[in-house]
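Read through the structure below, which is laid out as structure tokens, and then see the notes.
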Amino acid sequence: MNIKELVANEPIGSRVIIQGWVRTFRSNRFVAINDGSCAQNLQAVVNFEETDESLLKRITTGACVKVEGEIIESQGGGQRIEMVVQNIEILGDANPEEFPLQPKKHSLEFLREIAHLRPRTQTFGAVFRIRHALQFATHKYFNDNGFFQVHTPIVTGSDAEGAGEMFRVSTLDPASPPKTESGEVDWKEDFFGKETNLTVSGQLEGELFALGLSKIYTFGPTFRAENSNTTRHLAEFWMIEPEVAFNDLQDNMQLAEDNLKYVIQYTLEHCREDLQLLADRQANEEKQLPQDKRTIPLLEKLEFVANNDFVRCSYTEAIEILRNSKPNKKKKFKYLIEEWGADLQSEHERFLVEKHFGKPVILYDYPASIKAFYMRLNEDGKTVRAMDILFPGIGEIVGGSQREERYDVLKSKIEEFGIEEESLWWYLETRKFGTCVHSGYGLGFERLVSFVTGMNNIRDVIPFPRTPKSADF
Ligand code: 4AD
Ligand code: MG
């Protein structure tokens, strides 16, 4: 059995075998064992008088053990059942002089340095079980709603976002690459016969499939070589990108809101114990802070988001709000909002969500000049049908749009943005043959996991974070 099954069934009187890792060993008697199947430990009670001293010495924090014994109602508080150990076997020792995890509070920074061992902690066990539940709920949501998952390529020759923040994929010798006559690197000689990179988004390929299967989504790794060392950015992250034929921007917003509420609700129903553990952790962390500096209790926050409508606010309205806001007037923003057309920084997004509206906000109809080339131009000729969803404590969690479906407009946009048309010939062709209104968005999976777990640093919700100057493990 694993501990999850054990706790669910409480097979009092049965003899069972459990394998897991020792969290603590108290009074030469009580071994707390965790096997990662759930947050709870099994309390295994050894009879130290009848157990070899040399064996007892090896029951240390981190050791892997196999225990066999009878399940009884617990004599102490804290757990309903416990095991009277008849046989204990050490499967793998963990020398206490060397094992870095001890039964005390370690900082998240320290745990990041030992990311190979942090899955053995209570906090990371909870975070990664919730991460799993969120990805499962995502697939369930889209499957139940008639979407097909499409595996878009990871190596691509195009820059979907046009931001140029890409990792090159090459087999050329960096010390002496083949050169063209004019002295430039000759990419024709490279593995794929052209310049290639790791994908920054599966959207463009996703669109091709939406214009055939109608409702699709991608869920894959995404790579961005942006030098943003923040608690919200990773160089390698996972993105969920639905794309739907015949959906306009309104439908797109509705889908995204529904999608987010569904997966959050799913964790509330299926991850109660782990969420409670993280909620307690957060409350404990913030104990010292004055009341007004504390964040909303985790479960309350999730219930609130799952059960309330998101605010919808146009970019133009948002600029008015920001321009007249206290931090703007008192010059508290790092980037002051002076005129229409300004790009919104995270300080502005957070002001809108956390201070002004106090709930998730969908901003839409942004200036064309600050958004990607593929977004549908509005009739005003200066805004595009873009939408970003902003979450408290996170900022942007979703970015999406209705797509430009008109061949001529898209073609001139590609020119305007200085993108080589040949690199997107296939994308343009879909606008020539059977084009239609369609929309989609990208949901940053780690930002979602951060939000749901209340973990403030995105590095703590992905198994092995890749960030500037760091790709260990
Ligand atoms: O807003 P973005 O750049 O949109 C796109 O890539 C579109 N092609 C999506 C689409 O319409 N299909 O990225 C989408 C989301 C962001 O809102 C954010 O949640 C996440 O991806 N994201 C990141 N997450 C972690 N680290 C980074 N460096 C991220 N960059 C974007
Ligand atoms: Mg964005």
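Throughout, read-outs are computed from the coordinates displayed, never taken from laboratory work. What you see is a predicted model, and the numbers here were worked out from it, not measured in a lab. As a convention, Cβ positions derive from the backbone with ideal geometry for all residues, glycine included, and neighbour counts pool all protein chains shown.
Each label point was placed 7 Å from the Cα along the Cα-to-Cβ direction; for SER14 and ASP343 their separation is 5.9 nm. Think of each Lys and Arg Cβ as +1 and each Asp and Glu Cβ as -1; about the Cα centre, that makes the dipole of the stretch 3-99 roughly 260 debye. By the beta-carbon count within 10 Å of each Cβ, the least crowded to most crowded order of LYS326, LYS382, fewest first, is LYS326, LYS382.
More than 20 angstrom separation, counting every C-alpha pair in the stretch 174-264; what % is that?
When all Cα pairs of the stretch 174-264 are counted, 59 percent exceed 20 Å.
Kirkwood radius for the stretch 329-387, taken over all pairs of different Cα atoms as the inverse mean of 1/r, rounds to 12.8 Å.
Within the shell defined by Cβ-Cβ distances under 9 Å, the residues around PRO392 carry a net charge of +2, with Lys and Arg each +1 and Asp and Glu each -1. Once backbone amide H atoms are built at 1.01 Å from N, THR196 has VAL169 as its partners under 5 Å, excluding neighbours fewer than 5 places away on the same chain. I'd like the FRET efficiency for PHE136 and ASP248, computed as 1/(1 + (r/R0)^6) with the beta carbon distance as r and R0 of 25 Å, rounded to 0.05. Efficiency for this residue pair is about 0.25. The convex hull of the Cα atoms of the chain, projected and averaged over all directions, covers 28.4 nm². Annotation: extensible slack from LYS469 through LYS331 equals 46.3 nm (criterion: 0.36 nm per residue apart, minus Cα-Cα distance). Extension gain, CYS64-ILE90: 0.36 nm per intervening residue step, less the Cα-Cα distance, totals 8.7 nm. Normalised by 2.2 N^0.38 Å, with N the number of residues, the alpha-carbon radius of gyration of the stretch 92-225 equals 1.55.
Its residue count N sets the reference 2.2 N^0.38 Å, and the alpha-carbon radius of gyration of the stretch 3-99 equals 1.00 times that reference.
At full extension, LEU172 and GLU420 could sit 86.9 nm farther apart than now, given 0.36 nm per residue minus the alpha carbon distance. Taking packing as the residue-averaged number of other Cβ atoms within 10 angstrom, the listed peptides 2-12, 404-414, 170-180 run from highest to lowest as 404-414, 2-12, 170-180.
Dipole magnitude for the chain: about 1480 debye, using +1 per Lys or Arg Cβ and -1 per Asp or Glu Cβ, origin at the Cα centre. The Rg/Rh ratio of the stretch 398-453, with Rg taken over Cα atoms and Rh as the Kirkwood radius over Cα pairs, comes to 1.15. Positive-end ranking of PHE48, ILE12, GLY77 along the dipole of the stretch 3-99, with charges on Cβ about the Cα centre, is headed by GLY77. Scanning the chain for DSSP H helices at least 30 Å long along the axis (C-alpha atoms) with a Kyte-Doolittle mean no lower than -0.5 picks out 122-144. DSSP loop GluC sites (Glu not before Pro) in the stretch 236-288 with at most 15 other Cβ atoms within 10 Å of their Cβ, which ones? Listed in order of number, the matching sites are GLU286. Ranked for footprinting exposure by Cβ neighbours inside 10 Å, fewest first, LEU91, LEU298 give LEU91, LEU298. Using a Förster distance of 25 angstrom, determine the FRET efficiency expected from the C-beta separation of GLU269 and GLU73, and round it to 0.05. After rounding to 0.05, the efficiency reads 0.30. Sorted into 10 angstrom bins from 0, the C-alpha pair distances of the stretch 238-316 split as 15, 34, 31, 17, 3, 0 percent. Taking the number of Cβ atoms within 10 Å of each Cβ as an exposure proxy, the fewest-first ranking of MET253, MET387, MET1 is MET1, MET253, MET387.
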